[in-house]
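**Q** This is the structure I have questions about; it appears just below.
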Amino acid sequence: MTDRDRREVEGELRALGRTLRFPAEPDVRAAVRARLAGEPRPTGRSARILAWPARIPQPRRPGPRRRLAVAVAVLTALAVFAATPPGQAAAAGLLRLFGVEFRQGSIPVEPKPAPLPGETAMSLDAARHRVPFRILVPRALGTPDVVTVSDSGRVVSLIYGAAPGRPKADAAGVAARLDEFDGTMNPVFQKFLQGGVEEVSVNGSPAAWVRGPHEVVYLDRQGEFRQQSARLAANTLIWQVGNVSLRLEGAFERDDALRVARSVASG
Amino acid sequence: MAVSRARDGDLDAYEVIVARYTAAAHRTALLFGAGDDAEDVVQESFVKAYRALGRFRVGEPFQPWLLRIVVNETHNLTRSRSRRGRLAAQLATLRPDRAEPADPELNAVSRERREALLEAVAALPDKERQVVTCRYLLELSEAETAQVLGWPAGSVKSRLSRALSRLQTPLAARLGEAAGGER
């Protein structure tokens, strides 16, 4: 088997993994917590002598209604989260949506935040060959001025400079930034909020609108928090199209951000 | 950070970890054949992982450490039942999505090729299928694959090579068919 053959099979296998259709993952937080409540702090040694515990039977979810069920779960989570006052217990203040973790609270930001790991500028066409999902481009913002790919194809970012029809650019000359990633795997960003998330809708699917500056930090492939990337983000809209999560940031008002989101080509 | 707090018995911190790694744990359980029991496997794995946190070295990547537990739990579950036929059937339920292809260039021919490749992976000998699943379908590094499967690095390399040779032959045959079909 030549190296070329090997690379070809490897490429096909990776592509296969990315197109497999997995059912939505369960939320086991409450069940796990209920089973661990009251246990002594983990030591590592006691685990070996504990007997296999009986599995807690879980109700099976109906298949055909999955999409609706997911939408309802998202809306319920948003409502619960929005109703949680800032400073509440960390567990109540955690929300995971579209590959983004929302936390209540605040973290220090870096004076000079680092770019995403390995962030590299390239043409949109080159980027299309580097990321394992389909890049979506909103018509309402025109052509992105810079396209970057980060962390070996995990995130693609479309960056828009000052131009008519775009929001006011920030000090770095960026009017809007659209990060896209596979939102069905481990979370990619973590956001720290003082207030809540407003539940909105993009083409009939649930979306989250975060108003006001808030800290955002990159979570690497291992789920580790990259403090050096911590920065203050502007107003942000987060939504999902298929398996692609989109995170649009800029000095948008909500309705302008929604208009941009709706202009994402779906075909 | 969250891991070291959880090690001190902070269940709020552990809940963050559970939320963060559920998707990866669930995919791993499904790919290793947990089927309808994948949710139970994920729950069981997080409970066992918490109890074993004292053995986790803070600063090391958490994900492969957790996935090792998930793989072992899945094996515990499936050891007793006749798995061979079931596994193929379960992998078939994960067939590449027809409705929403992630890749716009994915045409009918390449979709068929991927389905045939999935069947070929399901038919591999156990250990070769496991190593291919970790390395390519879950996209773990060779070192992470070794950790998740609990094998020496050399076994990962040699089993990967054997599996790739085995998969390459049907792939070449399919490429031929695909080219023929387009004529």
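**Q** Out of curiosity, is B:VAL42 facing another protein chain (nearest Cβ under 7 Å), of a type in the set (A, V, I, L, M), within 23 Å of B:ASP126 (Cα to Cα) and crowded, with 24+ Cβ neighbours inside 10 Å?
**A** Considered against the rule, which asks whether it is facing another protein chain (nearest Cβ under 7 Å), of a type in the set (A, V, I, L, M), within 23 Å of B:ASP126 (Cα to Cα) and crowded, with 24+ Cβ neighbours inside 10 Å, B:VAL42 comes out as yes.
**Q** Right, another one. Can you report the number of residues in the range A:235-267 which are surrounded by fewer than 21 Cβ atoms within 10 Å (Cβ to Cβ), hydrophobic (A, V, I, L, M, F, W, C) and closer than 19 Å to A:GLY196 by Cβ?
**A** Number satisfying all stated conditions: 1.
**Q** From the list B:ALA49, B:ALA23, pick out the single residue that is in contact with a helix residue (DSSP H, G or I) (Cβ under 7 Å, 6 or more places away or on another chain), in a helix (DSSP H, G or I) and either in the same structural domain as B:SER141 (by TED's automatic domain parsing) or free of Cβ contacts under 8 Å to residues at least 60 places away in the same chain (or both).
**A** B:ALA49
**Q** Filter the range A:196-242 down to the residues that are within 13 Å of the chain's Cα centre (by Cα) and among the aliphatic types (A, V, I, L, M), then identify the one that is nearest to A:ALA257 (Cα to Cα).
**A** Across the range A:196-242, the extreme among qualifying residues is A:LEU237.
**Q** Sticking with this structure for a sec: Being surrounded by fewer than 14 Cβ atoms within 10 Å (Cβ to Cβ) and among the small types (Gly, Ala, Ser) is the filter here, so list the residues in the range A:123-139 that pass it.
**A** Across the range A:123-139, the qualifying residues are A:SER123, A:ALA126.
**Q** Scan the range B:123-144 for residues that are crowded, with 17+ Cβ neighbours inside 10 Å and in a helix (DSSP H, G or I) and report the count.
**A** Here the count works out to 11.
**Q** Among the residues that make up the range A:245-260, is at least one of them modelled with pLDDT under 85 and aliphatic (A, V, I, L, M)?
**A** Checked the range A:245-260: no residue is modelled with pLDDT under 85 and aliphatic (A, V, I, L, M).
**Q** Out of the residues in the range B:45-61 that are surrounded by fewer than 24 Cβ atoms within 10 Å (Cβ to Cβ) and more than 16 Å from B:ASP8 (Cα to Cα), which is farthest from the other protein chains (Cβ to nearest Cβ)?
**A** It comes out as B:GLU60.
The values are calculated or read from the model by the stated rules, or taken from the named source; none is laboratory data. None of the values given here were measured: they were computed from a predicted structure. All Cβ positions, glycine included, derive from the backbone under ideal geometry; neighbour counts span all protein chains shown.
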